[in-house]
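Each remark here refers to the structure printed beneath this line.
The values are calculated or read from the model by the stated rules, or taken from the named source; none is laboratory data. Note that this is a predicted model, so its numbers are computed, not measured. Because the Cβ atoms are built from the backbone with ideal geometry, glycine has one as well, and the counts that use them run over all protein chains shown. What goes into the accessible areas is simple: the full protein's heavy atoms, side chains included, and nothing from ligands, DNA or RNA. Shrake-Rupley method; radii C 1.70, N 1.55, O 1.52, S 1.80 Å.
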Amino acid sequence: MVTTPTHTPGQHQGERFIALDSLRGLAAVMVVVFHMGAFGLIASLEVFRHAWLMVDFFFVLSGFVIAASYGDRLAGGFSRTRFMLLRLGRVVPLHAATVLAFLAFEVLFVRLVLHQNHDVFYFWRGFLLLDGFAEHTGNFYAPVSWSISVEVMLYLAAAVLFSLGRTGLAIAVAGATAALLAMATGWNHTGFGILLQRGVLGFSLGVLCFAVHRRWNWRIDVASVTALELALIAAVTWLLVEMPFGRFTTIASYPLFAATVLVFARDRGWVSRWLQLGPLVWIGTLSYSIYMTHMLLLRPLNRAMPMVLEAFGRQDLIGSPSNSFGLLTMELGDTAETFVTIGLVALVLVMSNYSWRYLEEPARQWSRRQAKRWADARAEQGAVPA
């Protein structure tokens, strides 16, 4: 994750923030369970019903990672074009494959079998990563890609602003302030709606977190760090369960997520060490695939299972038409739904492992080679990096 040559506390094993990687993976799993709806004993827990907030954790973490990996290099003249090639190669291939898979599902099942349809305009808006400019989520073809759209816009901003020194800092502060004020007042309009606001505020705070991280050479014993880690986990859990500030809870989550990133970036407490266990590191590695592909499993179940249950004469297991979120088109009873939840999470992990191995990682490596070739060609021509 981190590619800066200078070692800072919390960087290990190829300069990755391992505990943060694992936390990102666990947060992605929480988003999966959130999208199931209040389905069974596990998914009905309040901590999962409000787990959409984990996307804001992703934004904070993304700002931190981009600042750690590229901040100094972009400020020192690293090619902005090469940076964008690397970032697009990281996120776009899996995004595009996911949206195309939803298009196939639309054509082959929703239209041919259910005789329904979704406006193709939303396919193009999702495919072209424009959902981040919208006022709300809900694109059938790209259920979670709005956040990837926001991420790409933030990458573009980072590519420019990191190279502008104090001017870039002033612009970033102004943008974050505008996002905060818009969220606080409920200002939500196409172009700079709540989705982009959340990204701008979270990403900016993540960049600030890295600035604090590398300057704050704190000396604290393992027991104290562990206590901080446990306290932060408890605080995040409380926030997700209680949502104590109504619509302002999203804003309140940012300083808590920032503190979580700062503490776990040190990889020093016992919780951080637990997060470095192999299975959790594996989930962290798969986090993007988990996030992007899980709806390819949940959405077909949502649409197809009522028809399957009716065909088997089990109309009693079909959910209420008025409550069709996630897996709530089925009513199997708490015990069965809980086992289904566990099984689906396991299946998502297996599916994500394959998408990471055969699509996400090969595409990332290919984009790295192409970006290097582009940079080498520019160097041979004696061109100044863009």
Open item on the list: Tell me the angle of helix 334-355 to the major Cα principal axis of the chain, expressed in degrees between 0 and 90 and rounded to the nearest ten.
Closed with: 50
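What is the range 15-121's relative contact order, in percent, from Cα pairs under 8 angstrom and six or more apart in sequence?
Value for the range 15-121: 14 percent.
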Open item on the list: Using a 1.4 angstrom probe on the protein heavy atoms only, could you order Val222, Val120 from most to least accessible area?
Closed with: Val120, Val222
Task: Fraction of accessible area attributable to carbon and sulfur, the range 85-186 (%, probe 1.4 Å) - done: 72
- [ ] Taking the chain as the reference, fit the longest principal axis to its C-alpha atoms, fit the long axis of helix 80-105 to the helix C-alpha atoms, and give the angle between the two in degrees, 0 to 90, nearest 10.
- [x] 0
Task: Phe245 accessible area, 1.4 Å probe, all protein chains in place, Å² to nearest 10 - done: 100
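Counting each DSSP H run of 4 or more residues in the chain as -39500 (n - 2.57), what helix-only mean residue ellipticity at 222 nm follows after dividing by all residues, to the nearest 500 deg cm²/dmol?
Counting only the DSSP helices, I get -21000 deg cm²/dmol.
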TODO: Could you tally the net charge around Lys372, taking each other residue with its Cβ under 11 Å from the Cβ of Lys372, Lys/Arg +1 and Asp/Glu -1?
DONE: +4
Open item on the list: Could you work out how much longer the chain between Thr167 and Asn117 gets when fully extended? Use 0.36 nm per residue separation minus the Cα distance between them, nm to one decimal.
Closed with: 13.2 nm
Task: Centre separation in Å (Cα based) which lies between the range 111-185 and the range 20-81 - done: 15
Task: Gain upon complete extension [Thr190, Ala211; 0.36 nm per residue less C-alpha separation] - done: 4.4 nm
Open item on the list: Can you tally the net charge around Phe105? Count Lys and Arg as +1, Asp and Glu as -1, for every other residue whose Cβ sits under 14 Å from the Cβ of Phe105.
Closed with: +2
Task: Approximate spin-label separation Glu361-Phe109, in nm, with each point projected 7 Å along Cα-to-Cβ - done: 2.8
Open item on the list: Using only Cα atoms and rounding to the nearest 10 degrees, what angle (0 to 90) does helix 194-215 make with the longest principal axis of the chain?
Closed with: 40
TODO: Note down the accessible area of Thr338, probe 1.4 Å, to the nearest 10 Å².
DONE: 20
Open item on the list: At a threshold of 8 angstrom on Cα-Cα distance, excluding pairs fewer than six apart, so keeping six or more, what relative contact order does the chain reach in percent?
Closed with: 30
- [ ] Please report how far the C-alpha centroid of the range 313-348 lies from that of the range 250-266, rounded to the nearest whole angstrom.
- [x] 34
Task: Cα-based shape type of the range 197-253, given that a ≥ b ≥ c are square roots of the gyration tensor eigenvalues and the cut on a/c is 1.5 - done: oblate
Open item on the list: Let me cross-check Ile318: its accessible surface, 1.4 Å probe, with only protein heavy atoms counted, in Å² to the nearest 10?
Closed with: 50
Task: Accessible area expressed per residue, the range 113-161, with surrounding protein chains retained (probe 1.4 Å, Å²) - done: 45
Task: Residue-count net charge about Phe59 - beta-carbon cut-off 14 Å; Lys, Arg +1, Asp, Glu -1 - done: 0
Open item on the list: Tell me whether the range 150-193 comes out rounded, prolate or oblate; compute the Cα gyration tensor, take square roots of the eigenvalues as a ≥ b ≥ c, and use a/c under 1.5 as the rounded threshold.
Closed with: oblate
